[in-house]
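**Student:** Supplied in structure tokens, the structure appears directly below.
The values are calculated or read from the model by the stated rules, or taken from the named source; none is laboratory data. Values in this document were obtained by computation on a predicted structure and should not be read as measured data. Positions of Cβ are generated from backbone atoms using ideal geometry, with glycine treated the same way; all protein chains shown enter the neighbour counts. To get the accessible areas, we keep the full protein, side chains included, count just its heavy atoms, and leave off ligands, DNA and RNA. Shrake-Rupley method; radii C 1.70, N 1.55, O 1.52, S 1.80 Å.
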Amino acid sequence: CYAWTFWARSPRLLMEARNKPLLSYDERKIQSIFLGKIENSIQNGNRKNKNWEDAGIEIFHCPVDKPGPDHYPFTKEEYLEKLRNSKFGLALAGYGPKCNREIELLGMGVVPLIAPEVDITYYEPLEEGTHFLRVDDPSNVKEVINSVSESEWNKLHKAGQEWYNRNASPEGAYAITR
């Protein structure tokens with residue numbers, strides 16, 4: 001088994017959303033976001049292992065619901081648009097330690113806040129402080145966000161975009177596979 005790549009839950013929709021220019025720091029009106037849901041006991045264990053809803057994330061939505069689109073308030077397009085308007089995005093483990101969320105965050109130009117349980121093993125590793133920020137506990141999320149200046153955010157954003165293009169975009173994933 002070799003480290004490789006990963007993709008968004010809806011790769012085609014992510015690519016369509018990326019047809020619009022990504023927003024600058026000042027244009028992003030949502031400071032921080034987590035949009036997800038809990039569909040099974042594994043996700044429940046990974047997402048309720050700490051009180052992430054108390055982390056101070058500006059938009060935090062993680063209902064415990066039955067599977068299916070009728071139980072989630074956002075379409076996939078609305079989800080991606082909310083990411084597009086966000087500066088920081090929390091990534092929690094989902095059904096397993098690897099999750100689509102960090103790819104979707106990077107794809108939409110959001111700086112990921114990666115929880116310890118999230119597997120970020122890729123062919124080209126994501127680097128803490130270069131492509132993402134680590135949040136070990138809900139209590140340090142606001143501190144991590146508040147420690148990042150606009151110029152530091154721009155560096156993280158740019159490095160994240162470069163990594164995404166090399167590793168998770170259709171062209172980048174194909175090049176790695178080849």
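**Student:** What ³J(HN,Hα) values, in whole Hz, does the Karplus curve 6.51 cos²θ - 1.76 cosθ + 1.60 give for region 74-88 when θ = phi - 60°, with x put for Gly and Pro?
**Tutor:** Ordered by residue, 3J(HN,Hα) equals 10, 6, 4, 5, 5, 4, 5, 5, 5, 4, 4, 9, 10, 7, 10 Hz.
**Student:** So how exposed is SER169, as accessible area in Å² (1.4 Å probe, rounded to 10)?
**Tutor:** 10 Å²
**Student:** Then there's this: Can you give the FRET efficiency for GLU77 and TYR2, using 1/(1 + (r/R0)^6), R0 = 45 Å, r = Cβ-Cβ distance, to the nearest 0.05?
**Tutor:** 0.85
**Student:** Region 106-159 to region 18-65: how many Å between their Cα centroids?
**Tutor:** With region 106-159 and region 18-65 each reduced to a Cα centre, they are spaced 14 Å.
**Student:** To continue, here is another question. Residues with amide H under 5 Å of PHE132's amide H, sequence separation 5 or more or different chain, H placed in the peptide plane at 1.01 Å from N; which?
**Tutor:** GLU127
**Student:** Kindly report the accessible area of the chain per residue (heavy atoms of protein chains, probe 1.4 Å, no ligands, DNA or RNA), in Å². Kindly include the intermediate steps, with their values, before the conclusion.
**Tutor:** Numbers: 9060 Å² over 178 residues.
That works out to 51 Å² per residue.
**Student:** Could I get the Rg over Rh figure for the chain? Both from C-alpha atoms, Rh via Kirkwood, rounded to two places.
**Tutor:** Taking Rg over the Kirkwood Rh, I get 0.93.
**Student:** Continuing with this model, one more query. Express the carbon and sulfur contribution to the solvent-accessible surface of the chain as a percent, rounded to the nearest whole number, probe 1.4 angstrom.
**Tutor:** That share works out to 51 percent.
**Student:** If Lys and Arg each add +1 and Asp and Glu each add -1, what is the summed charge of the other residues whose beta carbon sits under 12 Å from the beta carbon of VAL141?
**Tutor:** Value of the local net charge: -3.
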